[in-house]
1. Roughly what angle does helix 337-362 make with the longest principal axis of the chain, taking Cα atoms, 0 to 90 degrees, to the nearest 10?
2. Taking just the alpha-carbon atoms of the range 89-171, what radius of gyration and Dmax come out, in angstrom?
3. After finding the eigenvalues of the alpha carbon gyration tensor for the range 303-404, what semi-axes result from the square roots of 5 times each, listed largest first in whole Å?
4. What shape does the range 70-135 have by the C-alpha gyration tensor, where a ≥ b ≥ c are the square roots of the eigenvalues, rounded means a/c under 1.5, and otherwise prolate means a/b greater than b/c and oblate the rest?
5. Just want the ordering: 324, 377, 386, from fewest to most Cβ atoms lying within 10 Å of their own Cβ.
6. Within 10 Å of each residue's Cβ, count the other Cβ atoms and sort 165, 184, 359 from fewest upward.
7. Under the classification rounded if a/c is under 1.5, otherwise prolate if a/b is larger than b/c and oblate if not, where does the range 1-118 fall, given a ≥ b ≥ c as square roots of the Cα gyration tensor eigenvalues?
8. Can you pull the Rg over Rh of the chain, Cα-only, Kirkwood?
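Throughout, read-outs are computed from the coordinates displayed, never taken from laboratory work. Note that this is a predicted model, so its numbers are computed, not measured. Cβ placement follows ideal geometry from the backbone for every residue including glycine, while neighbour counts extend to all protein chains displayed.
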């Protein structure tokens with residue numbers, strides 16, 4: 001029998017294999033994740049690093065990371081990444097353990113450009129180790145002045161013979177400091193198909209993608225960034241960092257397209273992770289409402305509580321329908337720019353509301369450090385920002401509507 005958080009597997013978006021996958025992961029997560037080391041805010045980055053590495057290793061050994069990699073020849077579960085599988089895996093992991101979801105997601109996002117646009121040599125070199133949990137990946141797109149506005153990118157790369165020289169900064173990079181390789185996007189100046197120009201071209205054209213391995217001379221982790229839900233995060237610096245031209249992913253000037261294709265795969269999965277956090281919050285809220293003594297009864301006896309629980313459940317189901325519509329459409333080969341943006345916005349904003357309501361149901365215990373709802377309260381906040389803030393999703397949705 002499925003966990004209550006997996007009852008939506010009966011919806012027509014899914015095939016039997018999806019239910020089997022989610023239920024198997026649910027059982028594995030319940031048995032395995034509690035025994036792994038956990039992050040501790042008091043211990044800082046070192047504890048989060050160790051906890052993240054432990055989860056990547058466990059997920060890889062159990063075979064779950066195969067679903068984050070495209071191509072069976074390179075260790076993937078299928079020839080192409082199945083969006084519904086990615087979403088179900090993230091939702092299930094987030095319901096159990098936020099850092100496990102983060103570890104899984106970054107293996108996929110960090111190597112996604114290679115899965116989608118890499119050549120066979122690049123795939124053979126990096127993807128099998130990602131799938132086995134033996135190499136940690138990172139996606140280095142954001143900069144101090146280029147987060148939502150990717151076209152404002154300043155990090156630059158120039159080609160010198162058969163090498164590339166990178167200069168600039170990246171920040172807010174998840175897995176920064178522990179990744180074995182980074183997919184780095186840098187301005188090279190040419191439009192797709194053109195030779196490199198002496199002066200970088202502004203806008204979304206003239207950006208290329210490269211793989212930079214940890215320890216490469218000229219590349220350093222300049223700063224570790226502490227956030228409210230501890231996980232590895234860093235600012236990166238490149239100073240005449242030389243890499244082989246063979247580390248370029250896709251053609252010259254195709255980096256923006258590669259980045260957007262990668263985000264199109266994984267943006268819907270951010271909505272799924274938010275669903276996982278929200279479902280755990282509803283579960284905790286229900287438990288507290290049914291067991292918390294209140295004026296001779298329990299909290300659940302009161303209509304105010306019942307109304308809150310009804311709102312929480314309805315918000316989550318609405319977001320889930322949007323999320324799995326987007327995932328299903330993408331697996332059917334459709335363009336889901338608008339649908340993924342709707343899902344990401346609705347799920348992350350809705351989960352924030354649901355988790356806040358759960359904290360309220362828990363009362364004073366809801367803000368005690370390391371209580372489940374307190375952890376969820378910290379974990380959900382970043383999802384409304386990364387991979388496109390809510391405000392950006394609204395702009396994307398409106399733009400697509402106006403096109404229509």
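1. Approximately 40 degrees, to the nearest 10.
2. 15.6, 49
3. After diagonalising the Cα gyration tensor, the semi-axes are 30, 15, 12 Å.
4. Prolate is the answer for the range 70-135, as a/c is 1.5 or above and a/b outweighs b/c.
5. The order, fewest Cβ neighbours first, is 386, 377, 324.
6. Fewest-to-most Cβ neighbours within 10 Å comes out as 165, 359, 184.
7. oblate
8. On the way: Rg = 21.3 Å, Rh = 21.7 Å.
Here the Rg-to-Rh quotient is 0.98.
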